Amino acid sequence: MQSRSGNMPLAIGLLVLAAVFLVGAVFYLTATTSLLASSQGHHYKHGILALILAALCLIGANFARRPQP
Amino acid sequence: MSPWLAGFIALLQGSTELFPVSSLGHAVVVPSLLHLDFRPTAESFVPFLVLLHLGTAAALLLLYREQWVRIVGGFLRASVRGRVEDADERLALLIVVGTIPTGIVGFFLESPLKSLFANPRAAGAFLVVNACILLGAELLRRRDERRARLDVDSGEAREAAYGSVENLDVRSALMVGACQCLALLPGVSRAGVTMAGGLVAGLRHQEAARFSFLLATPIILAAGVLEVPQLFQSGVPLGTYLAATVLSGVVAYLSARFLIRYFRSGRLDPFAAYCAALGIVTLALAR
């Protein structure tokens, strides 16, 4: 699947995933929830993890769109 | 917690964190065996341990400071460029890939895993499991050495036949990172399972230890940044805890220097024997 322009389907998938994690980060940092958490409340740690995962997905997408040696 | 007890736990943590013998297992098992007034179920237990881990992370950053400058630079360059072009960038990529599995698994299983901290017998059983992992990795390495007809009597010559971290492929780094997830169980050593994974992936003992130490640093720092705020909420004696952190860091630094020298030709066997013995004693004596 790799070409001169890299693996574009993977890059797009990672971009979509990054967007999902970004939305999750905003959700966890601003809303009170018990989703994927042990108790109801603000879960800033979940938000930070989601932000880190979003950043990693963006970096992964950048790798995927470039042709690798 | 008294200053003496905090100092004792710091010494214990600092000396066992980088040795492949499970610092968390020791923090659960030793107070139980010695009947110390230290409850692993206390609200401040995990933040206190994480604070001690920050001492270890600081020691590792100090020890590998030049490498970390190159790794961070390499990570930033490779991230922007979208391509890996030199050894530093490659090492940065391997560390990121190796860190992801534990970061995710540890985050979502934090609460159920904390319940195991109250159970010294579980930690004792996992210490025996840790011994089996270390022995298993060494058995596989010995079999490989026999097949390659290496001179097993000369440690340094034998080690020269194996690779360095920079030669590791991404899949192997991911495998070592996945091994690290096991260390979330008290009694299974993070250093031990990552070194065992590194050996299986074909690294020299010393390189497996270096990769283990490099992998430890970001995850410990991240855990510290996330957990330490809880310490400020629980009204703990921060001065004592910070002194304990410094003590833990100094001991961890000395431990790392010793291990790097030891693994030039040494194996994991003595640590496996120690873990098996401590695990069996714990299973027999702990309540």
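The values are calculated or read from the model by the stated rules, or taken from the named source; none is laboratory data. This structure is a prediction, so every number in the text was calculated from the model and none was measured. Glycine also receives a Cβ, built like all others from the backbone with ideal geometry; neighbour counts cover every protein chain displayed.
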Which condition number in (1) touching a Ser or Thr at 6+ places or on another chain (Cβ under 6 Å); (2) modelled with pLDDT of 85 or more; (3) over 23 Å from B:ALA222 (Cβ atoms); (4) not aromatic (Phe, Trp, Tyr) is the one that A:ILE59 fails?
(3)
Which is closer than 27 Å to B:GLU66 by Cα, modelled with pLDDT under 90 and either charged (D, E, K, R) or over 12 Å from the mean Cα position of the chain (by Cα) (or both), of B:GLY224, B:GLY197, B:GLY155, B:GLY202?
B:GLY224
Leading residue by the ranking (nearest to B:GLY224 (Cα to Cα)) among those in region B:82-119 that are at pLDDT below 90 and among the basic types (Lys, Arg):
B:LYS114
When B:ALA161 is run through (1) at pLDDT below 90; (2) in contact with a Pro (Cβ under 8 Å, 6 or more places away or on another chain), the failure sits at (2)
Hits in region B:205-218 - residues which are more than 10 Å from the chain's Cα centre (by Cα) and either without any contact (Cβ under 8 Å) to a residue 24 or more places away in the chain or within 18 Å of B:VAL105 (Cβ to Cβ) (or both):
B:PRO218
